[in-house]
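Remarks on the structure that follows.
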Amino acid sequence: MSFNIEKLFDQYGYEVLFLGLLLEFIALPFPGETTMLYAGYLSYAGILNGWKAFAWAFAGTTIGMTITYFIGLKAGMPFVEKYGKWVLLSPSKLEKTKKWYQKYGNLLVFIGYFIPGVRHVTGYFAGIIGSSFRTFAAYAYGGALFWCALFVGMGHVFGPQWEGVLHAIEHHSWKLAIAAAVVAGVVWGVRRAVLNGRKKRQAVGSE
């Protein structure tokens, strides 16, 4: 089994999810999706509690994303360019993500979870461009909720076939990214409609 995940879970349990995903989002090599699928399988087998597995994965993901946001916000692009080479932030990856961020804006933070090589860079860029923390958190934490629930959930549902699911995902990651974009668009539309409705009611009430 890749990365010897089975042994890691035997030794450290839920902490593997928390620390591993936190490190992945700081841009250190860790197979986050593989680990969450396997954790879901362990919940299927009755070895782990699925809700706890999700909670630890979500915590590690959001804390990791938050750390990278503040690094980008406080240290800026020069710092990331200088020290990124020590992790997984190559110049070509930074340039590619920069172009995508210019095109899609903060939506990339949400859908980036499903794009290999992108999800651990978006937090840095959100901070670098000066995105407000409230906006960043809405996309980052919403995306993390969807991403973690999906992968832990699929591991639980498909059980012993979790590795086959992983291989299928690796070949269709862009389709997942498109689906995530659709979900983000629906959530954004509903939120906007609710806010507009609230403003209209307040306007009517003040007349």
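Nothing in this text is a laboratory measurement; each read-out follows from the coordinates by a stated rule. Remember, predicted model here, so these are calculated numbers, not experimental data. Note: ideal-geometry Cβ built from the backbone for every residue, glycine included; neighbour counts use all protein chains shown.
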Quiz item: How many nm is it between the label spots at E163 and K82, if each spot is 7 Å from the Cα in line with the beta carbon?
Solution: 4.5
Quiz item: Fewest first, what order do V16, V165, V152 take by the number of other Cβ atoms within 10 Å?
Solution: V165, V16, V152
Self-check item: Cut-off under 5 Å, modelled amide H: who pairs with S131 long-range
Solution: none
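Starting with the fewest neighbours, write out H120, H167, H156 ranked by other beta-carbon atoms found within 10 Å of each beta-carbon.
On the way: H120 28, H167 9, H156 21.
By the 10 Å Cβ count, ascending: H167, H156, H120.
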Exercise. Between S132 and Y12, with labels modelled 7 Å along Cα→Cβ, what's the label distance in nm to one decimal, could you check?
Key: 3.7
Practice problem: Any of K74/K103; K7/K52; K52/K99 with alpha carbons more than 25 Å apart? Name them for me. | Solution: K52/K99
Quiz item: Which residues in the range 111-151 place their backbone N less than 14 Å from a point set 7 Å from the Cα of I67 along the Cα-to-Cβ direction?
Solution: 120-121, 123-124
